[in-house]
Amino acid sequence: MLRSLRRREFPRGNYLWIVVNGFEYFFASGFPGSVRVFIASLPGLSGLHVTQKPLIRIKDNNSNTKTHHPRVNTRREVNKFKPTIYLQLIASNYRSVTGLYLRLIGLVVLLVAMYIAFMTSKYYLLFTTNLVFFAAIVLAWNIIGGYAGQLDLGSAGYMGVGAIVSSILSNNIGLHPLISIILGGLSSALLAGAIGFPMFRFGVREVWYALSTAAIVVILNNAVRLLIGPYEYYLRVRPIKTYDELYLATSIALVLVFLLNYAVNNSRLGYYLKAIREDELAAEAIGVDTRRYKLLALMIYAFIVGSLGYLYVVMIGYFYTYRFFDTGISVSIAILGIIGGLGSIEGCLVSAFLLRGVGEYLRTSLAHIIPGLHLLLYGAVLIALGVIEPEGIPGIARRFTTLLKTTKRPMGGVK
């Protein structure tokens, strides 16, 4: 059995590897090949390739047909079983659960270090909270823009809907803030489903999809202004009372979105979305339901952004307004996701922390001299990356790693 598993290649983040334990004796005792194929096609085991033993032909007494049974020494194969095989299955370099744990620990250490560095100043703590919040938004955008390759410019619309719905439910109706956050996220997901279904159904893609999502933000801006008026509504219910609590809540949200990104990236949904990103027509040709999976990615992304809307209300001072529906926010999030590299979780974090941090610093320090300087920075970096390295931050990191390897290589014959 172990020899038959030497050719296995588990997909990233496979949490169903323990299923092998239940079927190990069946495999060793000659489990039919058709069932082997069925098990290999289970979600999470789609990358498992099982080789069969040499076959012998045995004539069935009840019919003239011939059946195939693998020639296996069951006792010998079972005795060779070692529990360490499961450790080998989940510890394969970057794709392993161990790699996820290391990156998760690194992210938590970074968040704790930033809190310790800025905890003495309320201004810088709020500044850091803003960075963490937009890092979570960029990671959510990575699901639809990075994995699925859809240039979505409607993040401000989903965030605004989730923020207003959750604020009204918690402040006017009196629901628990957590329940209000979930319902706000669900309202954004339903809105995304109502918008995305006809667009994907009629084949709206690429630049037309981007323009459509940007137009939706403008439509929501005007519609909400007509419904609630050009006012700012302050909340009486304030569950988060200090900047420390706000930073903790935002950090937890970032960690959860980080884990969800890894779950999507390492699942069958992630493989389908990447296939759609690379070549949608080819994905359809091999049987991928592109409309279904793009819509699912859009609704997941909208749910996350809508759930984070309540934190945005708390961060800006416990009020909501129609100005939440700002196309500038949507464009900034898309630019950060593109610069971070499509589908790169670490790149999105780096771009959000670095570029958002520099942009916010320029906005607060030089906005009275040069208005819109932070947007000028985003545009300049985007143009430079488009010319030098279209893959974004991952491409730059790859070039830097290659340069280090070449410089460390000894030069023969030179002393």
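Working carefully through the options Tyr243, Tyr233, Tyr209, Tyr247, find the one that is surrounded by 14 or more Cβ atoms within 10 Å (Cβ to Cβ), touching a strand residue (DSSP E or B) at 6+ places or on another chain (Cβ under 6 Å) and not hydrophobic (A, V, I, L, M, F, W, C).
That would be Tyr233, the only listed residue that is surrounded by 14 or more Cβ atoms within 10 Å (Cβ to Cβ), touching a strand residue (DSSP E or B) at 6+ places or on another chain (Cβ under 6 Å) and not hydrophobic (A, V, I, L, M, F, W, C).
Has region 156-171 got any residue that is in a helix (DSSP H, G or I), assigned by TED's automatic domain parsing to the domain that holds Gly343, polar (S, T, N, Q) and farther than 17 Å from Ile240 by Cβ?
Looking for residues that are in a helix (DSSP H, G or I), assigned by TED's automatic domain parsing to the domain that holds Gly343, polar (S, T, N, Q) and farther than 17 Å from Ile240 by Cβ, one finds none in region 156-171, hence no.
The values are calculated or read from the model by the stated rules, or taken from the named source; none is laboratory data. A quick note: this is a predicted structure, and the numbers were derived from the prediction, not measured. Cβ atoms come from the backbone with ideal geometry, glycine included; neighbour counts cover every protein chain shown.
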